[in-house]
Amino acid sequence: MTLLPRVLGAITMLYSAAIIVRPRLLAGPCDLVDTAGEPLPGVSTLIAAVGARDLAIGAAMMAAPEGVALRTAIAARVASDLGDAAVFGSALTSRRARARIAGFALGWATVCALSALT
């Protein structure tokens with residue numbers, strides 16, 4: 001069970017670090033940018049918080065010992081993605097953005113959940 005969750009944890013960490021450094025990577029697909037493509041006021045702070053949460057969960061997926069600890073880290077990843085799908089999927093102003101972000105979050109939740117079975 002260890003390789004796939006560890007790889008998914010590493011990918012999560014990389015993406016999380018990227019959105020902390022460049023919030024527009026998430027703000028853009030969420031349609032939370034101005035006409036110049038820069039995140040709207042306050043959006044960068046929210047994205048940094050999501051990134052920090054996901055960075056910690058990704059690190060846990062990489063470092064947790066196999067067994068209950070790793071399954072718990074995976075469960076935290078899945079729960080966070082399901083929460084993101086619900087919040088972003090219902091709260092973003094653009095229908096296109098709601099579908100895109102919720103779909104991505106649900107897809108990542110599914111992949112991570114299935115990794116617990118490997």
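Here are some notes:
- Beta carbons closer than 6 Å, at least 6 apart along the sequence or on distinct chains, pair a first residue in the range 3-18 that is more than 14 Å from Ala64 (Cα to Cα) with a second that is among the acidic types (Asp, Glu) and in a helix (DSSP H, G or I) for Thr12/Asp54; Ser16/Asp54.
- Taken over the range 26-44, the criterion of being under 25 Å from Ala75 (Cα atoms) and outside any loop (DSSP other than H, G, I, E, B) is satisfied by Leu26 alone.
- Close pairs from the range 21-50: first buried (at least 16 other Cβ atoms within 10 Å of the Cβ), partner charged (D, E, K, R), Cβ under 7 Å, at least 6 apart: Arg24/Glu38; Pro29/Arg100; Val33/Arg24; Pro39/Arg24
- So Ala69, is it hydrophobic (A, V, I, L, M, F, W, C) and either in contact (Cβ under 8 Å) with a residue 60 or more places away in the chain or assigned to a loop (DSSP other than H, G, I, E, B) (or both): no
- Some residue of the range 5-12 being at positive phi and either surrounded by 13 or more Cβ atoms within 10 Å (Cβ to Cβ) or under 12 Å from the mean Cα position of the chain (by Cα) (or both): no
- Test set (1) exposed (fewer than 13 other Cβ atoms within 10 Å of the Cβ); (2) assigned to a helix (DSSP H, G or I); (3) of a type outside the set (Asp, Glu) - Ala76 fails condition number: (1)
- The listed residue being touching a residue at least 12 places away in the same chain (Cβ under 8 Å) and buried (at least 17 other Cβ atoms within 10 Å of the Cβ), out of Ala113, Ala109: Ala109
- In summary, Thr93 fulfils each of the numbered conditions (1) assigned to a helix (DSSP H, G or I); (2) surrounded by fewer than 14 Cβ atoms within 10 Å (Cβ to Cβ); (3) in contact (Cβ under 8 Å) with a residue 24 or more places away in the chain; (4) of a type outside the set (Asp, Glu) with the single exception of condition (1).
Each reported figure results from applying straightforward, stated rules to the coordinates on display, with no laboratory input. These figures come from a predicted structure and were not determined experimentally. When we count neighbours, we look across all protein chains shown, and the Cβ atoms used for this are built from the backbone with ideal geometry, even at glycine.
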